[in-house]
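The values are calculated or read from the model by the stated rules, or taken from the named source; none is laboratory data. The structure displayed is predicted, hence computed values, not measured ones. In this analysis, Cβ positions are derived from the backbone assuming ideal geometry, glycine residues included, and neighbour counts consider all displayed protein chains. Only protein heavy atoms, including side chains, enter the accessible area calculation; ligands, DNA and RNA are left aside. Shrake-Rupley method; radii C 1.70, N 1.55, O 1.52, S 1.80 Å.
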Amino acid sequence: MQKNDCFETEILDLTIDGHGVCRVDGMAVFVPHTAVGDRIRVKIVKVLKHYAFGIADTLLAASADRIDPACTVKSCGGCVFQHLNYDAELRIKEKTVEDAFLRIGKLTPAFLPILGGNERTRYRNKAQYPFAVGKDGIATLGFFARHSHRVIPVTDCLLQPVIFREIAAAVLQFVRAEGIPIYEKKTGTGLMRHLYLCQGAHSGEIMVCLIVRTPIRKKLMSFAKQLQAQFPQIQSICMNVNPKQTNVILGDQTQTLWGRDTITDTMCGISVDISPESFYQVNTLQTERLYGVAKSFAQLSGKERLLDLYCGAGTIGLSMADQAHELIGVEIVPEAVENAKKNAQRAGIRNARFYCGDAGTIAAKLWQQGETPDVIVVDPPRKGCDAAAIDAMVQMHPDRIVMVSCNPATAARDCALLQQSGYRVERVQAVDLFPGTGCVETVACLTL
């Protein structure tokens, strides 16, 4: 097999990142924008030792799973399943979770049917648009092309509220009119880096955050008032300063230009404060279903001490606090911890306390102080739990561990480590928080 060779073949499987899988002369070939059952003429574009990549040169016969994509933008790489009907997408995500636990973790829990979303479009409550200079030399906003730092101009993303499109257009018009220079990563020059928008799904409140390389408060102040007058739903407009040459979006300094420092929303009936630094799941309605699964897996009776590791703004733990004797939350981001404390206070929850620090380190200190939990709920970042967190959980010997994860592979790995230390993975539930994309959430219930 060589580059530019062409073959007629059939797509046999689909990966979680949206690549169809076919076999040519015994070698696996990955082909984007295809569906299981497609008959295609594939053109080979890259050949490696054990597999190859191709493109669908011609669609000879379409799969029954195919639909016409609602969005014409393919190069941003976000919605890898928009050419499939939703049942087919859910089957892929369900299979991805099962394969991770069976193959990576060597685990055989009971797999519950995936919980799909009610909406495939307009469900996101957050957007982060990088600024860039277009080919015509004019400032633009959009999304990064897949596996690159090239910005694809996008006037509307079908995953986001329509009002985000309108606010983004107003911000871009202001930046162009004022001639504010766009940040260039290679040289570290320019000012405008990102536009960050967030909206409360239940409250409707909107936060606008302009990320800049150096402070330009005076230039932005008058525009902030104009923007809020144009969009009354906006309750907070702030400026975040990030002078570092880094891929990290937010810097360490945030200043409020207009309105409040945060916006407010409700999650599982709990009022929550959201700041630019807060971690807040992007699909509120599906997150409430996800947290409902975690709460049912925790099996709280009102007598337990509940430890919430990687707690963010405290939303998971606070949603369970009414059925726990005591809630302890641990999070490394200081702003998120302050949000969690305020969220508990506003909700009248008096049996909760929160610590700022590394999950494994704080958990180990609690164990040394004799504060052993009956149940642990853990929602780690995509890379999974670190070794210290796993060790601390095992040392504490809780009756149950509920793991919430956005990465089935690391969830399976971590669950396997816990099972080696005396826990049994009983049930696993997949939840689709991100329809159209190659992401799926997993909740696992482990018992001692």
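Could you tell me the relative contact order of segment 290-430? Use alpha-carbon pairs under 8 Å, at least six residues apart, and round to a whole percent. Relative contact order comes out at 23 percent. Annotation: Cα Rg of segment 154-304 relative to the compact-globule expectation 2.2 N^0.38 Å equals 1.20. If you plug the beta carbon distance of Lys185 and Asp399 into 1/(1 + (r/R0)^6) with R0 = 51 Å, you get a FRET efficiency near 0.55. The solvent-accessible area of Val36, taken with every protein chain present and a 1.4 Å probe, is close to 60 Å².
What separates the Cα centres of segment 295-321 and segment 99-144 is a distance of 26 Å. Volume per residue for segment 171-247 equals 91 cubic angstrom (convex hull of Cα atoms). Here the chain is assigned +1 on the Cβ of each Lys and Arg and -1 on the Cβ of each Asp and Glu. Its dipole about the Cα centre then comes out at about 1140 debye. The trypsin sites (Lys or Arg not before Pro) found in segment 33-62 that occupy coil by DSSP, while having at most 13 further C-beta atoms within 10 Å, are Lys49.
When DSSP beta bridges are restricted to pairs lying wholly in the chain, around 65% turn out antiparallel. Within the full protein context, the accessible area of Glu331 is estimated at about 20 Å² for a probe radius of 1.4 Å.
By the Stokes-Einstein formula, at 1.567 mPa s and 4 °C, the chain with its Kirkwood radius over alpha-carbon pairs has D equal to 55 µm²/s. Taking N as the residue count of segment 105-160, its C-alpha radius of gyration divided by 2.2 N^0.38 Å amounts to 1.78. Along the axis of the charge dipole computed for segment 162-236 (Cβ charges of +1 for Lys and Arg, -1 for Asp and Glu, origin at the Cα centre), the listed residues Ala169, Thr187, Cys209 are led at the positive end by Thr187.
Search the structure for amide H atoms under 5 Å from the amide H of Ser278, placed 1.01 Å from N in the peptide plane, and list their residues when 5 or more places away or on another chain. Counting only residues 5 or more places away or on other chains, the set is empty.
Stretched out straight at 0.36 nm per residue, the stretch from Gln253 to Asp68 would grow longer than its current Cα-Cα span by 62.2 nm. Working note: 222 nm ellipticity from helices only, DSSP H runs with n ≥ 4, each -39,500 (n - 2.57), summed and divided by the residues of the chain, gives -8000 deg cm²/dmol to the nearest 500.
What a 1.4 Å probe finds exposed on the chain is 52% carbon and sulfur by accessible area, rounded to a whole percent.
Using a Förster radius of 51 Å, what is the FRET efficiency between Asn4 and Asn351 based on their Cβ-Cβ separation? Nearest 0.05, please. The calculated FRET efficiency here is 0.20.
Note on Lys43: lysines with a C-alpha under 23 Å away, same-chain residues under 8 apart excluded, are Lys3, Lys74.
Classification of segment 229-318 by its C-alpha gyration tensor yields a prolate form. The axis ratio a/c (a ≥ b ≥ c) is 1.5 or more, and a/b outweighs b/c. For the Cα trace of segment 313-385, dividing Rg by the Kirkwood Rh returns an Rg/Rh value of 0.94. Exceeding 25 Å between C-alpha atoms, which entries from my cross-link table qualify? They are Lys185/Lys341; Lys295/Lys341; Lys46/Lys95; Lys46/Lys383; Lys126/Lys341; Lys46/Lys126. Beyond 25 Å: Lys185/Lys341; Lys46/Lys95; Lys46/Lys383; Lys46/Lys126. For the peptides 400-410, 13-23, the ranking by mean Cβ contacts within 10 Å, running from highest to lowest, is 400-410, 13-23. Expressed in Å, the radius of gyration and Dmax of the Cα atoms of segment 27-100 are 13.3, 37.
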